[in-house]
Amino acid sequence: MEIITDGLPKENQILLDEITCTYIQEPDCIEDRDGDFQSITLSSRDGGSGKFIHIKTDGWSISGDNLEEDLIPLIKDFKHRMDDEIFSDSRRSRKEVLETNNS
């Protein structure tokens, strides 16, 4: 079995189609939501012409003075996870993971 990240799966292949991460932060000082947290979800999916990032949130506060400090690190973190796909935590090669899973 081979895990692929692009194209359509063929015999003995499985396609990893989507990566999703949800980030959570405390509510901002304007909101009075009794401890509800804010969340933002970033997902990556290949629509046939390459991977793209989809951003979804019902509310995520960013200070206008801290855009580079508040939002850019989330995008960089997600991109790192997206690039590493399912191997982001293990830092092992695809071959090593498959050999471990098959033994």
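The values are calculated or read from the model by the stated rules, or taken from the named source; none is laboratory data. Fair warning: this is a prediction, and the values are worked out from it, not measured in the lab. Don't worry about glycine lacking a Cβ; one is built from the backbone with ideal geometry, like all the others, and counts go over all protein chains shown.
Taking the condition farther than 30 Å from MET1 by Cβ and at pLDDT 80 or above, does ILE62 pass? Here the answer is yes, as ILE62 does meet what is asked.
With respect to the conditions (1) assigned to a helix (DSSP H, G or I); (2) at pLDDT 80 or above; (3) aliphatic (A, V, I, L, M), ILE55 falls short on a single one, namely (1). So, in region 1-27, exactly how many residues are in a strand (DSSP E or B) and farther than 23 Å from LYS56 by Cα? Of the residues in that region, 6 qualify. Within region 1-23, residues that are under 21 Å from HIS54 (Cβ atoms) and modelled with pLDDT under 85 reach partners that are assigned to a loop (DSSP other than H, G, I, E, B) and among the acidic types (Asp, Glu) with beta carbons closer than 9 Å, at six or more positions or on different chains, in the pairs THR5/ASP17; LEU15/ASP6.
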